[in-house]
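Novice: Mind having a look at this structure? Questions to follow.
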Amino acid sequence: MKLSHLAAAVATTCTLLATPALAQSLPIIGGVTSVTLTSAPALTGLGLGVGGLGSAIISPGSAGTPLAYFPVTGGSIDTVSFAGSIEHAGSGLSLSTAAVTLNLTNFVIDTVGGTLSGNAAVGSTALGVVPLFNLGSSGVAVAPFSLSLTSAAAGALTALFGVPDLTGFRIGDANTIPVTVVPEPATVLTMLAGLGLIGVMLRRRQAANQDRA
């Protein structure tokens, strides 16, 4: 390659890197969300079994800590603020005893509100969409988001299974890797940092809540 051509290519690349990405909402077309179910021993101690539903995959993991994988099926994400929703239609988790089974499916992550909601059902009785988990910063690089039970979810567990109030109980740590349509070149670099920025947002929200307390 001639030096003039090389110089032109470098200049073009530098321009792309320096150009601010215009905000745009990109549709999500795939990906996966993984959850390390650190709560499995505690749930077993409460007499609750955990299972996968639909297209979810449950792996035994290591040291008795199961791993759950949920295919990302849709949603959208803003390329600058990373505000949006990440959908997981057709998969979920079940919590059960010998007498009762609670099915939680069709998870939706709200990156702005820092929540994960889903459809809840007991047997064939639908309970509607319930805010299931609050998202926080886990401090774990490979699974940067913590999942803690909301008061609504904890209340349902108490009513169905007679367990103590588990509001704020940490179910596990998660990582989500949504796949979007191919954005403009200057936007690719910002997308790579997207999940990290969401983690920063969650850490700032936690710090603000602690200051108010």
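Novice: For region 66-79, take each phi angle, set θ = phi - 60°, evaluate the Karplus expression 6.51 cos²θ - 1.76 cosθ + 1.60, and give the result in whole Hz per residue in order, putting x for glycine and proline.
Specialist: These are the phi-based 3J(HN,Hα) values: x, 10, 10, 10, 10, x, 7, 10, x, x, 7, 9, 7, 6 Hz.
Novice: In the P(r) worked out for region 63-157, what percent of Cα pairs fall beyond 23 Å?
Specialist: So the portion of pairs separated by more than 23 Å is 28 percent.
Novice: List the extent of the Cα atoms of region 46-89 along each of their three principal axes, largest first, rounded to whole Å.
Specialist: Reported extents, whole Å, longest axis first: 42, 22, 20.
Readers should treat all values here as calculations from the given coordinates under stated rules, not as data from a laboratory. What you see is a predicted model; the values in this text were computed from it and never measured.
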